[in-house]
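Worksheet for the structure shown next.
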Amino acid sequence: MINTKKQREEKSGSRAPASDFSLEAWGTGKRQSVLLEGVVGIKNFAKNEIELKGKKCDFFIKGAEMSIIIYENRAIEIKGRIYSFELVGGEDRK
Amino acid sequence: MILRLDYIFFGYRVIKIEESELPRALTYLLGARMQARTSEGGEIVIPERSLSKYRKALRGINYSVSECLGVLGFLKRNRNRYGLALGILALLVYYILTIGRVWDVRVSGNEEITTAQIKSALADSGLSEGARWGSFSRSEVEMSVLKNYPELSWINVNRRGVVAYVDVREMSGNDVPDKAPGFSNVVSAVDCVIEEITVVSGVAKVSAGETVKKGQILISGVLPAELGGGFTRASGIVKGRVSESAYVKVGREEEILVSAEKELSGLSVTIFGKTVNILKKYGNLDMECDIIETTDKYVAYGGRVLPFSLNRSYIRKKVTERVVYTDEQLVKIAHSRLASMRLSVISDGELISVRTDGGFDGDGYFAKSDMFVVKDVCEEKIIQIG
């Protein structure tokens, strides 16, 4: 887990190809943030589970007291206590 | 939930959407590239300025919108309450004009020097009620007051809110400057007849019963050859019989200071040790007046003193009044004043004899006392060598 914003910027070279999605994560033991680009929809939003739809895969995030921020460039930031992050899929979607 | 500053100042709304429709609403907003943030309760916070765009993006979703919140919302809700707006504006103006000024100057630690004198000296240096805090330097004020009042040994000016607390310390009797180095004689301070002489160091030049003049050497600091020669600092106790007199004249008509009715000059309340001013007439009390301060404490049933008290201060101005005395009053006043003068003359000696006389003259009455007093007549005089 990347702990500081400075470390996050230094690690930006580890992004996945921009055509699918990109993910950055940072935070402390009590509160984390995940920034996702490449999300096209929100399938489920509850306090302890969020399901996001990407171009080729789905994202499952489990945690507590989570909230979503949607940016004008379609990036999504999830804040809260994040317990797990799972990526499912990979088939081509039309 | 932490809100953005622009939301707080320019207004924001809270959209409540059913839990089952929330993912669809968020997807619509994501597709429309519209910024949104959800709270932990699933509400969406949007800026007020974009409300119509959000309504358009969320068509087909059941939602409710709150009223405008934040500063803009407050102003919109109260736009017809002119009194409230005027009140807030007046408060802001009052705050800006007064917060940077000195409201009160409180002096403590003084005994001989009056508070009015110290406040007057502070005012000359720039610190007075109504002055701007930035218009004077506290350290310069302290130095200036110390320079003008050598009776003060220390002064400190502290700012607490809008009140200046000035703490002073006066020179005590122990702060006597050290004696200058060198040799000296003991000379007579007045014309007198020597009653007794006790030499501590030096050589006696007079004896009991001798008449001496002012400035005459009583104990010499020049040592004779048989005592080793050289010089010393002469010291000792020399008592002489001195002729003193006191004279008083009281005119038939006089202007005297009479106390007027007392008037309230300040009112404050002390609650749990903290004093709050309710009323105070500002300005230096440099007029002739008496200052009376009273504190009323309250006792509950059972004898328990309550933790608050009412403090009142009054001034009783003195006004001049012309009076005409009768003969009896003249004699009484003259002899009363003469008695006070006699006391001050004999305060540092022992009264041997006194003769008092008095009489009427053209425009009043005079009284006089001739006294013989035995007192210390020593005075140190440095020997100039070379």
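The values are calculated or read from the model by the stated rules, or taken from the named source; none is laboratory data. As the structure is a computational prediction, the values presented were derived from the model and not from experiment. Neighbour counts run over all protein chains shown; Cβ positions are idealised from the backbone, glycine included. We work out accessible area using only protein heavy atoms, side chains counted, and drop any ligands, DNA or RNA first. Shrake-Rupley method; radii C 1.70, N 1.55, O 1.52, S 1.80 Å.
Here the stretch B:221-329 yields Rg over Rh of 1.39, to two decimals, using C-alpha coordinates and the Kirkwood radius.
Averaging 1/r across all pairs of distinct Cα atoms in the stretch B:70-227 and inverting the result yields a Kirkwood radius of 22.0 Å.
Across all C-alpha atoms in chain B, the radius of gyration and Dmax reach 40.4, 129 Å. Here the mean projected area of the convex hull built on the C-alpha positions of the protein assembly as shown is 51.0 nm².
For the stretch B:186-227, the spread of Cα positions along the three principal axes, ordered from largest to smallest, is 30, 17, 14 Å. Reducing the stretch B:124-139 and the stretch B:1-56 to their Cα centroids gives an inter-centroid distance of 53 Å.
Taking 25 °C and 0.890 mPa s as conditions, the stretch B:1-91 diffuses translationally at an estimated 171 µm²/s according to Stokes-Einstein applied to its Kirkwood radius (Cα pairs).
Averaged over peptide B:18-25, the number of partner chain Cβ atoms lying within 10 Å of each residue's Cβ comes to 3.
Shielding value for B:71-78 is 0, the average number of Cβ atoms from other chains within 10 Å of each residue's Cβ. Per residue, the accessible area of chain B comes to 62 Å² when a 1.4 Å probe rolls over the protein heavy atoms. Summarised as an ellipsoid, the stretch B:314-380 has semi-axes of 30, 20, 9 Å, derived from the eigenvalues of the Cα gyration tensor scaled by 5 and square-rooted, with the largest first.
The stretch B:7-53 gives an Rg/Rh value of 0.96, both radii derived from C-alpha positions and Rh following Kirkwood.
Interface burial in the stretch A:64-90, defined as at least 40 Å² less accessible area with all protein chains than with the chain alone at a 1.4 Å probe, covers A:ILE68, A:ILE69, A:ILE70, A:GLU72, A:ARG74. Legend: residues in the stretch B:36-67 shielded by at least 20 square angstrom of accessible surface upon adding the remaining protein chains to the isolated chain (1.4 Å probe, heavy atoms) are B:ALA36, B:ARG37, B:THR38, B:GLU40.
Spatially, the stretch B:230-249 and the stretch B:92-108 are offset by 56 Å when compared through their Cα centroids. For the stretch A:32-48, a decrease in accessible area of 40 Å² or greater in the assembled protein chains relative to the isolated chain, with a 1.4 Å probe, applies to A:ILE42, A:PHE45. For chain B, relative contact order (Cα pairs under 8 Å, six or more residues apart, normalised by length) works out to 13 percent. For the stretch B:102-158, the normalised intensity computed at q = 0.16, 0.27 Å⁻¹ comes to -0.43, -1.26 (log10 of I(q)/I(0), Debye sum over alpha carbons, equal scatterers, no solvent). Just checking the listed ones, B:TYR28, B:TYR94, B:TYR314: in the Gaussian network model of chain B with Cα springs under 10 Å, the one fluctuating most is B:TYR28.
For the chain pair A and B, the interface hides roughly 1600 square angstrom of accessible area in total, found with a 1.4 Å probe. The portion of the accessible surface of the protein assembly as shown made up by carbon and sulfur, rounded to a whole percent, is 53 (1.4 Å probe; DNA, RNA and ligands excluded).
Highest mobility in the GNM of chain B, judged by mean-square fluctuation with C-alpha springs under 10 Å and restricted to B:ILE17, B:ILE291, B:ILE256, is found for B:ILE17. Per residue, the average separation of C-alpha pairs within less than 8 Å and at least 6 apart gives the stretch B:297-386 a relative contact order of 20 percent.
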